[in-house]
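Encoded as structure tokens, the structure appears first; notes follow it.
Nothing in this text is a laboratory measurement; each read-out follows from the coordinates by a stated rule. All values reported here derive from a predicted model rather than from experimental measurement. All Cβ positions, glycine included, derive from the backbone under ideal geometry; neighbour counts span all protein chains shown.
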Amino acid sequence: METKSILVVEDEEEQRELFKEFLELHGYEVTTAVNGYEALGAVRVSEPDLMILDVILPKENGYRVCRMVKEDQHNRRLQKSFPVLLVTARRLDAHPDRETMFQDFSQADGVLYKPVRLEELLEWVRSLMRGEKVTARHPD
Amino acid sequence: MSWLRFFNGKGDTGGKGPAESAEEALRWISLPNNIDHKLRELERRGWSLWVLVLGMLLLFALYIVVLYFNSDWWRRTAAGESVYTVRVLLVGFATLVLLFCAYVVSRELQLRFLKRAMIQEEITIRQQLMRSEKLASLGQLTAGVAHEILNPLNVISGRVQMLSMRAPHEPELGKALDIISEQTRRIVKITDGLRRFSHTAAEKKPLDVNDLLEKTLALLENDLRVRNIQVVRRFQPRLAAVMADADQLTQVFVNLILNAKDAMPRGGTLTLSTALDGLRGSGSRRKEVVGNRILIAVTDTGCGIPAGDLEKIFHPFFTTKEPGKGTGLGLFVCHGIIENHNGAMEVLSREGEGTTFRISLPAV
Ligand SMILES: Nc1ncnc2c1ncn2[C@@H]1O[C@H](COP(=O)(O)OP(=O)(O)OP(=O)(O)O)[C@@H](O)[C@H]1O
Ligand SMILES: [Mg+2]
């Protein structure tokens, strides 16, 4: 079985390293990007099997990156329709407009809240790559 | 046993209640020329006094007129002495002028009275606005802080999780890592508690409090049954609605009920009551001025709160529960929410006997 690739988009180095190390430990090939532009560029160069996106990013934020990727997949500008997993320290009701937040989120295939339980992350990554749906669990 | 009152709603200051919302307050402040509407409103309150003053002036004028008409001027006028005709007419004219002056003066006085009342009201509205702005910026601040804390926490907890995956055979290290995980969970709980405070953008709709209490109970009833707690409902039927955010109000009820549950570890009785206040006043005047308020009480037969703690329970982070169990933010958040709804919250407690939390909210 070939190794699956994951693109981790995180602006903070420590967060990036954490996800990278953990996922590599479990046999994935991990590439990283530090902001929204880089992420969009990286996706066009080589499409990953899954993308993990932080929401708060310099330059394009995570939602927008996610939407653009989803649009590109829809228009067949990208070949693989790889899943996107959002990771955020935000909480839904801290958002001024809960409805758009849900919409923003609904573009992504899953949302994990920081601090992330790594086992859960691994579980989700596996199910998403198998094409299964995951259901978000809002902390509360 | 005495009620300790922490926040007194503005509804009983005798003036018109504060603006329902910041937007309404803003509308009033930004349209100071919209005096007409306000005058009419305030006039209703002031007019009886001025009717009295005007009435007295009228009587006085009548008195003068009658006096002169009874004097011999009248006879002489009838006899055709034109000088007296002129005098009678002059007196009549003077009476009219007097009445007009009285009207103008009273109007002027009334305007002054109204202006004073308006300035007072505007001060109230400004205070109200400042309070809600303060709450909103405090909310933003806490949301921001929570976010800033959760990011580094993600790294800490992630590293700990990775370490404990790698070192299952080292019990001592494993134990230390477990403790770190436990403590990070505690931090998450606190930041989430703070965050609850941050959603101040209330969506206020007319709500039936009885209904909301019933729904909240449905969420918690299982918990209560397991703890051997009997629930008594004393709902006033056909309760007037309140303008409130359902989620936020539910959050208040949940915390009060959970606090009551925690206060009765060996079981007891939880009584939820609702009532309408402000109807009991005699005559319609009181109703108009005070405005009806809805009272909600949550009473338990639990351990009670020591008198020395009563003042502190609404402070953030005050808790008597085990570390890691209570955040001490529950009542702080409740208080913030009720304040944001122009309500008031009181507590009555006696050690060993029980506690009542009472909320009053303006009825629609
Ligand atoms: N019904 C009650 N009976 C006795 N003590 C109470 C009651 N309600 C509150 N208290 C006291 O007030 C303290 C503060 O309550 P508050 O709801 O703010 O925080 P908490 O319940 O300790 O924590 P959390 O709400 O986060 O679980 C409690 O720790 C308890 O000592
Ligand atoms: Mg509590």
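Residue pairs exceeding 32 angstrom between C-alpha atoms, taken from A:K70/B:K215; A:K70/B:K175; A:K114/B:K325; A:K133/B:K325; B:K175/B:K312; A:K114/B:K321: A:K70/B:K215; A:K70/B:K175; A:K133/B:K325; B:K175/B:K312. Here the Karplus relation 6.51 cos²θ - 1.76 cosθ + 1.60, evaluated at θ = phi - 60°, turns the backbone of the range B:156-168 into coupling constants of 4, 5, x, 5, 4, 4, 5, 4, 6, 5, 7, 10, x Hz, with x for every Gly and Pro. For the range A:1-65 and the range B:294-328, compute the distance between their C-alpha centroids and round to whole Å. That distance is 46 Å. This ranking places B:H315, B:H335 by how few other beta-carbon atoms lie within 10 Å of each, fewest first, which gives B:H315, B:H335. Its relative contact order, with pairs defined as Cα atoms under 8 Å and 6+ residues apart, puts the range A:5-129 at 23 percent.
Assign one of three labels to the range A:5-129, namely rounded, prolate or oblate, based on the Cα gyration tensor with a ≥ b ≥ c the square roots of its eigenvalues; rounded applies when a/c is under 1.5, prolate when it is not and a/b is larger than b/c, and oblate otherwise.
Working: a/c = 1.41, a/b = 1.08, b/c = 1.31.
Rounded.
Here the 3J(HN,Hα) profile of the range B:241-254, calculated from phi with Karplus coefficients 6.51, -1.76 and 1.60 at θ = phi - 60°, is 7, 10, 8, 7, 8, 4, 4, 5, 5, 4, 4, 4, 5, 4 Hz, Gly and Pro shown as x. For B:G268, the residues 5 or more places off, or on other chains, whose built amide H falls under 5 Å of its own are B:I229, B:Q230. Using a cut-off of 31 Å between Cα atoms, the listed pairs B:K204/B:K261; A:K59/B:K205; B:K189/B:K261 include A:K59/B:K205 as exceeding that distance.
Quantify how strongly other chains surround peptide B:260-273 by giving the mean number of their Cβ atoms within 10 Å of each of its Cβ atoms.
Values: counts 0, 0, 0, 0, 0, 0, 0, 0, 0, 0, 0, 0, 0, 0.
Mean partner-chain Cβ count within 10 Å for B:260-273: 0.
Give the order of B:L213, B:L141 when sorted by the count of other beta carbons within 10 angstrom, beginning with the fewest. Intermediate results must be reported in sequence, preceding the final value.
Working: B:L213 21, B:L141 13.
Fewest to most other Cβ atoms nearby, the residues stand as B:L141, B:L213.
Couplings for the range B:101-111, taken from phi via the Karplus curve 6.51 cos²θ - 1.76 cosθ + 1.60 with θ = phi - 60°, read 4, 4, 4, 4, 4, 5, 4, 4, 4, 4, 4 Hz in order; Gly and Pro are left as x.
With neighbour counts taken as other beta-carbon atoms within 10 Å, the residues A:H26, B:H169, B:H147 rank, fewest first, as B:H169, A:H26, B:H147. Using the Kirkwood radius over Cα pairs, work out the Stokes-Einstein diffusion coefficient for the range B:203-356 at 37 °C and 0.692 mPa s, in µm²/s as a whole number. In µm²/s, the coefficient rounds to 199.
Can you give the net charge of the other residues whose Cβ lies under 11 Å from the Cβ of B:A240, counting K and R as +1 and D and E as -1? So the surrounding residues net to 0.
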